[in-house]
Amino acid sequence: MKKLLTSALALLFFTLQLNALSPKEEDTIVRDFLWQKFVLLPKEKRPKVGLTLSAGGMRGFSHVGAIEVLSESGLPIDYVAGTSMGCVVGSLYAAGVSSERLWQLASNPQLSFVTTDLNLIGVAKYFLGGKLFSSERFESFIDTEVGGLYFESLNIPLACVSADIKTGEKIIFDSGPLARGVRASMNLPGIFEPLEYRQRYLVDGGVTDYMPVDIVKEMGADWTLAVYALPDYSKTVPSTILGYILRTSDIRGAFLTGQSEREANFVIASRVGEFDTVANAAQTIAAAEIGAKTTYHFLGEMKENLLLFSTDYVFK
């Protein structure tokens, strides 16, 4: 009887509070109240949530800010799928790398993390002899960051998208050494030599699936959130070979994301803008901050979308 009376008084107090607020404030309070109930639901009582992180080169550091805001909101994430930089950030997140470490990486981007060929001899071979850079160093870097984990050992199931440059097939990594799959997913064609692996010649997954909403659905997600590092290449014309390669990738990616955006339940597109050919710390931190601000801006709408989608699960 005492518990019932306490609950009734709490409900009365909550109702009186709502009556003293504007309709917009009421909606926010009710949404946040329901959200707190939702995030505490057992996994089997709610829809499975899938997070998709787009490609985007150095603009993909916007995913660092987005993930921090999503984590702080309590959003339960059951599956992650990413392409290229989306795979890089997604792999670190799924492996349990701290938000602090992700921001450290965003604040100190080093091309030496990716390749050892960016020296006078390596650059000369690239421009004069057509020899592509090796991305082997990047595999070692990721392996160190995640402690040699395999996909099967991740905190959250992850899939990374790559492409076979020989056949044009989309190749999905969701098992085996994590660092190998991440390297394959961000192996930009025309810059890095293809990764030879199991009779495949693997390059950046953005060639076939820039924002793999389809993959995270195949993994088992019922509701999908697509986080898109949106480019803005309308203001400048590339002035270098590398710039043209990256621009071509951006334009193709913009075409590929159309279907993915339609398939996702909710899309958060961070307008990161245009990057120099070689990103610097100011740019990558700015990208991460834009990702955080954009995600926070759309957080309320995202919560409402997921809550409405979840009613059939909660009340079945």
Residue check, Tyr201 open to solvent by 10 Å² or more (accessible area, probe 1.4 Å), in contact with a helix residue (DSSP H, G or I) (Cβ under 7 Å, 6 or more places away or on another chain) and more than 14 Å from Ala81 (Cα to Cα): no
Confirm whether Arg101 is open to solvent by 60 Å² or more (accessible area, probe 1.4 Å), modelled with pLDDT under 90 and either farther than 19 Å from Val203 by Cβ or in a helix (DSSP H, G or I) (or both). no
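Among the candidates Ala264, Ala226, single out the residue that is under 19 Å from Gly57 (Cβ atoms), modelled with pLDDT of 90 or more and either open to solvent by less than 30 Å² (accessible area, probe 1.4 Å) or in contact with a Phe, Trp or Tyr (Cβ under 7 Å, 6 or more places away or on another chain) (or both).
Ala226
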Could you tell me which residue of the stretch 162-187 is surrounded by the fewest Cβ atoms within 10 Å (Cβ to Cβ), considering only residues that are among the basic types (Lys, Arg) and farther than 13 Å from Asp209 by Cβ? Lys166
Can you confirm whether Tyr150 is open to solvent by 60 Å² or more (accessible area, probe 1.4 Å), without any contact (Cβ under 8 Å) to a residue 60 or more places away in the chain and under 24 Å from Val49 (Cα atoms)? yes
Positions within the stretch 148-180 being of a type outside the set (A, V, I, L, M, F, W, C) and in a strand (DSSP E or B), in sequence order: Tyr150, Ser162, Asp164, Lys170, Pro177
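Suppose we filter Glu145, Glu139 for residues that are modelled with pLDDT of 90 or more, closer than 16 Å to Glu193 by Cβ and not in a loop (DSSP other than H, G, I, E, B); which single one remains? Spell out the reasoning first.
Details: Glu145 fails: closer than 16 Å to Glu193 by Cβ.
On inspection, the qualifying residue turns out to be Glu139.
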Within the stretch 76-85, can one find any residue that is out of contact with any Gly (no Cβ under 8 Å at 6 or more places or on another chain), modelled with pLDDT of 95 or more and surrounded by fewer than 21 Cβ atoms within 10 Å (Cβ to Cβ)? yes
Where the second residue is open to solvent by 10 Å² or more (accessible area, probe 1.4 Å) and in a helix (DSSP H, G or I) and the first is of a type in the set (Asp, Glu) and lies in the stretch 189-207, which pairs have Cβ atoms under 9 Å and are six or more apart or on separate chains? Asp204/Ser249
Scanning the stretch 49-70 for residues that are of a type outside the set (Val, Ile, Thr), farther than 14 Å from Ala286 by Cα and in contact with a Ser or Thr (Cβ under 6 Å, 6 or more places away or on another chain), the one surrounded by the most Cβ atoms within 10 Å (Cβ to Cβ) turns out to be Ala55
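Scan the stretch 190-208 for residues that are within 14 Å of the chain's Cα centre (by Cα) and over 13 Å from Phe173 (Cα atoms) and report the count.
Within the stretch 190-208, residues that are within 14 Å of the chain's Cα centre (by Cα) and over 13 Å from Phe173 (Cα atoms) number 1.
The values are calculated or read from the model by the stated rules, or taken from the named source; none is laboratory data. The structure presented is a predicted model; accordingly, all values stated were derived computationally and were not measured. All Cβ positions, even for glycine, are placed from backbone atoms using ideal geometry, and neighbour counts span all protein chains on display. For the accessible areas, the whole protein counts, side chains as well, though only heavy atoms, and no ligand, DNA or RNA atoms are used. Shrake-Rupley method; radii C 1.70, N 1.55, O 1.52, S 1.80 Å.
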